[in-house]
Amino acid sequence: MKDEEEEKYKWWEENNDNDEIKWHSLKHNGVLFPPEHVPLPSHVKLYYDKKPVDLPIQAEEVACFFDFKKIVLEHGGANVEIESFDKCDFSKIFDHYETQKSLKKSLTAAQKREIKSEKDKFEEKYKYCLLNGRRERVGNFRIEPPGLFRGRGSHPKTGRVKKRIYPEDVSLNLSEDAPIPPPPEGHQWKEIKHDNTVAWLATWRENVTNTVKYVLFAADSSLKGRSDFKKFEKARELKKYIHRIRKDYKKNFSSKVMLERQMAVATYLIDVFALRAGGEKAEDEADTVGCCSLRYEHVTLKPPNTVVFDFLGKDSIRYYQEVNVHEKVFKNLRLFKKSPKQPGDDLFDRLTPNILNKHLQNYLPGLSAKVFRTYNASKTMQDQLDLIPNEGSVGEKVVKYNAANREVAILCNHQRTKPKSHDMGVQRISDNIRELFWQKLRLKRMILELDKSLKKTKPYYFEELDDLSVEEEQAIQDRVIAKEREKATKKFTRDNEKLKTEDSPLLPEAMLEEKLKKIDELAAEYKKELKTRKPEIKSVTVTVEKLESQVEKLEQRIRNATLLLQDKEDNSQVALGTSKLNYIDPRLTAMFSKKYDVPIEKLFSKTLREKFAWAIESADENWTF
DNA sequence: TGTTCCACTTAGTAAAAGTGCT
DNA sequence: AGCACTTTTACTAAGTGGAACA
């Protein structure tokens, strides 16, 4: 397409005072439905108690689901009465799909590309809409496919069947004069709306949680951009009020009115520990809490002023913090826990997010609990960035930027599960560091071989020669040799495979033998060194200076690898993305990029650059939050 | 005055895409 | 070109908060 030539609409250069009206005209092509269920071939069946089962087609689609039995009955039952799930044998069906999967995988790269481009072409028209006459991207234009509901944490509805959505379930929203996208053959839309006070293009209701789902504009759209901008401007406005708010809640720690005390303590927790508002949750949802819904058992008090928070927050992510709090906060928490209160009871029994937000509105219209998270996240980022010296390589500056980002993520308790490959990766890097260290020691030993007197004149330089035990050196050598062997063998088989496809004569086995023999010799040499500590110097042109500069290079590599290792470890359970996407004012990143001369590409991915184009273009190197 | 509904933002994870090696 | 890993994007669940409803 000709995307790059198209003039990008710079909404931030226009002012827009009316945000009640979301659009003046809106045309789009509707939504993309998931592919129909492809019926199984007649020889692939579910077996019940060894007998083949003819399933209704809807039940066939959800074969394997928890409430499978229910779906079978709902659709008229099967030829066999299914009573016990244990007797169901899904293996034929499973195998069928496994075969299809591997068939797909075995396609050539060209075939895969072909399929992909067909798919892209088909989806193209759903990706964009016309918003006020301008072409803008649509977000999630795909209708969610049927499947099992995967709740987070221990959700009472985990595993229920999320039903297939038909056009009859979907309402569209567009201009009155916009053509109505034709529904799929033989179907009707549920409803056509023309409501320009809302920002959705399509909506339907999901059957498991009974919640409304929407098709919205993409993150880089003018509409989303404007609302993001407003969010950060509101958080910046809070700067002007935060001192008074803090003064007031400290005063109200001693209020005679219980509600005021609870409000004061809750505001303190939201402000200092970045807790969420914490609305009430229903019986059929996961038991998670935020500030206002904290219960007796979530807070443990340790005099004189230590509090242990331990609860499941949004997405059932654990919040565990042992912290020191303001002395009056401690006393108040003790009061809020006083008998007859017991486990299961609300800590803030007079308070709801609504009451709290109403109170906050008095300071600043539009101020609510969530604004504090945005404010404190961006404030923390600004403070952290201010500490970074403007020096060093781009890579080093990026590492420091990420460290600042991490502070914010920790404040907001943004976690992720440790990647599966993490422990292995850590092992690999630390092995590598020890290997580099060993290579460095060998160089230093060589230096002494060339000039023994240096040991006396530069003793500190050779101190670390004793830092490696014979056992460890042996272990490192073994690893190095094993790696060399593997490398040689792998290269040999690979080369031969290539020759085989070319119908060329293969390399003789002897060639590999030869290589391996060389490696054996190297191993013997190392083994000797283990005792003598005198590595053989193979080149006649070697000088002390040359070796010293090699040592320096190794030291730089060790420093880099150590930083990498530290970074990996620190990031293993912290998710940086969420705060970058939602909480840190992107103008801070734009400022950092300009002031520290770090290309924005190193800080923002392509989608983030698109989402935050307004920030990148409007903030200079002096911008402050 | 509490509850439900609606619209939207925020969230972690699965899947896709990219990268850096041989 | 393929592997092994990392980064980015897509997906959709789970929050927030204001308005409508009872």
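The values are calculated or read from the model by the stated rules, or taken from the named source; none is laboratory data. Quick caveat: nothing in here was measured; it's all calculated off a predicted structure. For neighbour counting, all protein chains shown are included, and Cβ atoms are generated from backbone atoms with ideal geometry for every residue, glycine included. Accessible surface areas use protein heavy atoms only, side chains included; no ligands, DNA or RNA. Shrake-Rupley method; radii C 1.70, N 1.55, O 1.52, S 1.80 Å.
For this structure, a couple of remarks:
- Condition check for residue A:282: surrounded by 15 or more Cβ atoms within 10 Å (Cβ to Cβ), small (Gly, Ala, Ser) and not in a strand (DSSP E or B): no
- When region A:424-454 is filtered for residues that are within 38 Å of the chain's Cα centre (by Cα) and over 23 Å from residue A:484 (Cα atoms), nothing remains.
- Looking only at region A:37-78, residues that are modelled with pLDDT under 75 and open to solvent by 40 Å² or more (accessible area, probe 1.4 Å) come to 12 in all.
- Region A:117-135 - residue that is at pLDDT below 85 and open to solvent by less than 90 Å² (accessible area, probe 1.4 Å) and, of those, farthest from residue A:217 (Cα to Cα): A:117
- Long-range neighbours under 7 Å by Cβ, at least six apart or interchain, first residue more than 22 Å from residue A:178 (Cβ to Cβ) and open to solvent by 50 Å² or more (accessible area, probe 1.4 Å) within region A:194-222, second in a loop (DSSP other than H, G, I, E, B) and more than 10 Å from DNA strand C (Cβ to nearest atom): A:207/A:163
- Annotation note: Cβ proximity below 8 Å between a residue of region A:348-359 that is β-branched (Val, Ile, Thr) and open to solvent by 40 Å² or more (accessible area, probe 1.4 Å) and a residue that is within 11 Å of DNA strand B (Cβ to nearest atom) and not in a helix (DSSP H, G or I) (sequence gap 6+ or interchain) occurs for A:352/A:279; A:352/A:280.
- Positions within region A:601-617 being surrounded by fewer than 16 Cβ atoms within 10 Å (Cβ to Cβ) and either within 16 Å of DNA strand B (Cβ to nearest atom) or polar (S, T, N, Q) (or both), in sequence order: A:601, A:602, A:605, A:606, A:607
- Scan region A:543-598 for residues that are closer than 23 Å to residue A:427 by Cβ and more than 13 Å from DNA strand C (Cβ to nearest atom) and the total you get is 10.
- Residues (part of a helix (DSSP H, G or I), surrounded by 13 or more Cβ atoms within 10 Å (Cβ to Cβ) and modelled with pLDDT under 90) located in region A:405-436: A:422, A:425, A:426, A:429, A:430, A:431, A:432, A:433, A:434, A:435, A:436
- When residue A:3 is tested against (1) assigned to a helix (DSSP H, G or I); (2) modelled with pLDDT under 70, exactly one condition is not met: (1).
- Within region A:518-552, being farther than 25 Å from residue A:482 by Cβ and part of a helix (DSSP H, G or I) holds for A:544, A:545, A:546, A:547, A:548, A:549, A:551, A:552.
- Residues within region A:275-288 that are more than 15 Å from residue A:353 (Cβ to Cβ), within 16 Å of DNA strand B (Cβ to nearest atom) and either among the aromatic types (Phe, Trp, Tyr) or within 26 Å of the chain's Cα centre (by Cα) (or both), tallied: 2
- Members of region A:248-259 found to be part of a helix (DSSP H, G or I) and either in contact with a His (Cβ under 8 Å, 6 or more places away or on another chain) or at pLDDT below 95 (or both), listed by number: A:250, A:258, A:259
- Residue in region A:298-318 that is farthest from residue A:331 (Cα to Cα), counting only those that are open to solvent by less than 50 Å² (accessible area, probe 1.4 Å) and within 12 Å of DNA strand B (Cβ to nearest atom): A:316
- Region A:561-575: number of residues that are assigned to a loop (DSSP other than H, G, I, E, B) and buried (at least 17 other Cβ atoms within 10 Å of the Cβ): 1
- Residues being on the phi > 0 side of the Ramachandran plot and either touching a Gly at 6+ places or on another chain (Cβ under 8 Å) or open to solvent by 50 Å² or more (accessible area, probe 1.4 Å) (or both) - total across region A:259-279: 1
- Residues in region A:223-254 that are touching a Leu at 6+ places or on another chain (Cβ under 7 Å) and of a type in the set (Ser, Thr, Tyr): A:241 only.
- Residue satisfying all of: in region A:374-406; in contact (Cβ under 8 Å) with a residue 60 or more places away in the chain and among the polar types (S, T, N, Q); nearest to residue A:585 (Cα to Cα) among these: A:378
- The condition of being assigned to a helix (DSSP H, G or I), modelled with pLDDT of 95 or more, hydrophobic (A, V, I, L, M, F, W, C) and within 16 Å of DNA strand B (Cβ to nearest atom) does not hold for residue A:245.
- The set of residues in region A:212-235 that are more than 7 Å from DNA strand B (Cβ to nearest atom) and over 11 Å from residue A:139 (Cβ atoms) comprises A:213, A:222, A:225, A:226, A:229, A:230, A:232, A:233, A:234, A:235.
- Only listed residue being small (Gly, Ala, Ser) and modelled with pLDDT of 85 or more, chosen from A:561, A:613: A:613
- Hits in region A:241-253 - residues which are touching a residue at least 60 places away in the same chain (Cβ under 8 Å) and either open to solvent by 60 Å² or more (accessible area, probe 1.4 Å) or closer than 12 Å to residue A:360 by Cβ (or both): A:241, A:242, A:244, A:245, A:250
- Checking each residue in region A:103-127 for being in contact (Cβ under 8 Å) with a residue 60 or more places away in the chain and in contact with a strand residue (DSSP E or B) (Cβ under 7 Å, 6 or more places away or on another chain) picks out A:123, A:126.
- Failed condition for residue A:341, given (1) open to solvent by 70 Å² or more (accessible area, probe 1.4 Å); (2) in contact with a Phe, Trp or Tyr (Cβ under 8 Å, 6 or more places away or on another chain); (3) modelled with pLDDT under 95: (1)
- Filter result for the condition that a residue is of a type in the set (Lys, Arg), open to solvent by less than 60 Å² (accessible area, probe 1.4 Å) and either closer than 22 Å to residue A:341 by Cα or within 10 Å of DNA strand C (Cβ to nearest atom) (or both), over A:295, A:226: A:295
- Take the conditions (1) within 15 Å of DNA strand B (Cβ to nearest atom); (2) out of contact with any helix residue (DSSP H, G or I) (no Cβ under 7 Å at 6 or more places or on another chain); (3) at pLDDT 90 or above; residue A:165 misses just one of them, which is (1).
- The lone exception for residue A:609 - which of (1) without any contact (Cβ under 8 Å) to a residue 12 or more places away in the chain; (2) assigned by TED's automatic domain parsing to the domain that holds residue A:439 it fails: (2)
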